[in-house]
Amino acid sequence: MSTALNPKRTVSELKELRGFTQDENGAQRVAFTKKWVETRAWLRKKLEALPVEVHADAAGNLWATLRGASDRALLIGGHMDSVPNGGWLDGCLNVLAGVEILRRIDAQYHGQPPVTVRLVDWADEEGARFGKSLFGSSACSGNLNMDEARVLKDKDGIGLPEALKAVDIDFERVKESGQELKRAAAYLELHIEQGPVLLDLDLPLGAVLGTFGVERHAIIFHGQAAHSGSTPMNRRKDAFLAAAKMSPEIYRIAERSHGGVCTIGSCATQPGIVTSVVAECRITLDQRHLDAVALARMLEEAEAASEKFANEGNVRVSWERLWQIEPVLFHQDLVQMCSEAIAETCGQTHRLPSGPLHDAAEVARAGVPTVMMFVQSLYGISHNKIEDTKEAHLELCVTAFDKLAEKAMRWVAAKP
Ligand SMILES: [Zn+2]
């Protein structure tokens, strides 16, 4: 048997997976559904050819373990679940590249690498059905809020605990999954970029520095309803005017932050009729940055701007926090190794932050040294059936990710 990595095999396995999990609208591997169970069975079949121990943990994450000379473990992760009408690469590229790397390591080290190597397929990364992303990895990291998760319902009114029971997972015990991280010494995750940064730089691969911290708020401007015909312009308390001024302002705030992004994603007005000045306007603001200090500054600047515009318009403003997460920085040594692996594979490398959250952020929050590698996304689009990456880039990413795995394995083995 050849000991060489075969990236073309990963591409053909991705196509095989697409063949039975995609319809005319895209991938349909939504977590805990029949198609997802079928996908998992297919993955287990692929793993059967390897001398790995395979089991699902208490949160439904699937682990394949190749025992090494040391029980300290290098983890490689991804997710086989997709959003409804999703793409053919998001999540499963990571897992199938991991399968190929297990094959290479098994062959090269005759079934016993210097450290234990484990592949994990996280359960319900997307959170498409219950609106809660990173379910399996946050249960494993210990960060899952049980009280919030216990009452989540899908659009048919089925609760998360009930849906889990149907696939033999006991909701109350999901955090026992944390045991899996006991001997974890490093975690690697490959992912499509899902954005246009590498595409615009014309680079196939990038080393990921970490995931953005997020501040998510509702901002409510309180004015006064008044007749649109009889109220002179200078007598209005127009909640919409103040809210609207926030729109260009957040572009200036993001610009000043060097690398942050701000989005006003929704706007609702009351009474919301054509013949009344707006009495109340509620907008949502999502702010993200890799640097915690810069993120805090972006938030302060938005708060100050909202006060200023409220005063100018003779209205009042109030804020509600919707959600927040701190930035997660990946491990410096691993980021360096990732950059080197990319440079060795295709000459040029680039370091970039991740806007979306990934399972890797949860593993890093649990204290395991972590890094991610991104491969270019065509059109910069994902969560859509048009999601795509050039086949040549898919092959390059498997090669570079394998080089990273080898470096990380030696790094783990050399640790005291
Ligand atoms: Zn993903």
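The values are calculated or read from the model by the stated rules, or taken from the named source; none is laboratory data. Being a predicted model, the structure only gives us computed values, none of them experimental. Cβ placement follows ideal geometry from the backbone for every residue including glycine, while neighbour counts extend to all protein chains displayed.
Some observations on this one:
One line per residue, one yes/no per condition, for (1) loosely packed, with under 15 Cβ neighbours inside 10 Å; (2) over 29 Å from ILE386 (Cβ atoms):
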position	(1), (2)
GLU13	no, no
GLU16	yes, no
THR33	no, no
ALA64	no, yes
ASP71	yes, yes
LEU75	no, yes
HIS79	no, no
SER82	no, no
ILE101	no, no
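- Of everything in the stretch 378-412 that is closer than 22 Å to GLY195 by Cα and of a type in the set (Lys, Arg), the residue that is modelled with the lowest pLDDT is LYS385.
- When residues in the stretch 381-400 are screened for being in a loop (DSSP other than H, G, I, E, B), under 19 Å from GLY355 (Cα atoms) and of a type outside the set (A, V, I, L, M), 5 of them pass.
- Candidate set from the stretch 180-204 (those that are more than 16 Å from the ligand (Cβ to nearest atom) and within 11 Å of ALA73 (Cβ to Cβ)); member that is surrounded by the most Cβ atoms within 10 Å (Cβ to Cβ): ALA186
- Filtered residue count, the stretch 380-400, keeping only those that are within 16 Å of the ligand (Cβ to nearest atom) and crowded, with 22+ Cβ neighbours inside 10 Å: 5
- Of the strands (runs of 3 or more DSSP E) that lie entirely inside the stretch 126-225, those containing 1 or more residues that are at positive phi span 205-211.
- Pairs are defined by a Cβ separation below 7 Å, a sequence spacing of at least 6 or placement on different chains, a first member in the stretch 70-89 that is closer than 12 Å to LEU119 by Cβ and of a type in the set (Gly, Ala, Ser), and a second member that is in a loop (DSSP other than H, G, I, E, B) and more than 10 Å from the ligand (Cβ to nearest atom); the pairs so defined are ALA73/ARG183.
- Which listed residue, of VAL120, VAL83, is part of a strand (DSSP E or B) and within 20 Å of the chain's Cα centre (by Cα): VAL120
- Contacts under 7 angstrom Cβ, first residue in the stretch 154-173 being closer than 16 Å to ALA56 by Cα, partner surrounded by 15 or more Cβ atoms within 10 Å (Cβ to Cβ) and aliphatic (A, V, I, L, M), 6 or more apart: ILE169/ALA59; PHE171/LEU160; PHE171/LEU164; ARG173/ALA58
- When SER137, SER141, SER177, SER133 are checked against the criterion of being within 30 Å of GLU100 (Cβ to Cβ), within 16 Å of the ligand (Cβ to nearest atom), buried (at least 22 other Cβ atoms within 10 Å of the Cβ) and touching a residue at least 40 places away in the same chain (Cβ under 8 Å), SER137 stands alone in meeting it.
- Residue list for the stretch 348-379, restricted to those being more than 16 Å from the ligand (Cβ to nearest atom) and in a loop (DSSP other than H, G, I, E, B): GLN348, THR349, HIS350, ALA366, GLY367, VAL368, PRO369, TYR379
- Hey, GLU148 among the acidic types (Asp, Glu) and exposed (fewer than 15 other Cβ atoms within 10 Å of the Cβ) or not: yes
- Qualifying residue in the stretch 308-321 (condition: out of contact with any Gly (no Cβ under 8 Å at 6 or more places or on another chain) and farther than 24 Å from GLY223 by Cβ): no
- Screening ASP90 against (1) crowded, with 22+ Cβ neighbours inside 10 Å; (2) more than 16 Å from the ligand (Cβ to nearest atom) leaves a single unmet condition, (2).
- For the stretch 406-416, the criterion of being outside any helix (DSSP H, G or I) and either surrounded by fewer than 20 Cβ atoms within 10 Å (Cβ to Cβ) or within 16 Å of the ligand (Cβ to nearest atom) (or both) is met by at least one residue.
- Annotation note: of PRO113, PRO161, the sole residue that is at pLDDT 95 or above, crowded, with 16+ Cβ neighbours inside 10 Å, more than 16 Å from the ligand (Cβ to nearest atom) and over 26 Å from GLU53 (Cβ atoms) is PRO161.
- Checked against (1) over 20 Å from GLU362 (Cα atoms); (2) modelled with pLDDT of 95 or more, ASP57 passes all but a single condition, namely (1).
- Filter result for ALA343 (out of contact with any Asp or Glu (no Cβ under 7 Å at 6 or more places or on another chain) and either within 16 Å of the ligand (Cβ to nearest atom) or within 21 Å of ALA405 (Cβ to Cβ) (or both)): yes
- Hits in the stretch 14-42 (condition: aromatic (Phe, Trp, Tyr) and either free of Cβ contacts under 8 Å to residues at least 24 places away in the same chain or more than 17 Å from PHE130 (Cβ to Cβ) (or both)): PHE20, TRP42
- Answer from THR65, THR10 - the residue that is part of a strand (DSSP E or B) and hydroxyl-bearing (Ser, Thr, Tyr): THR65
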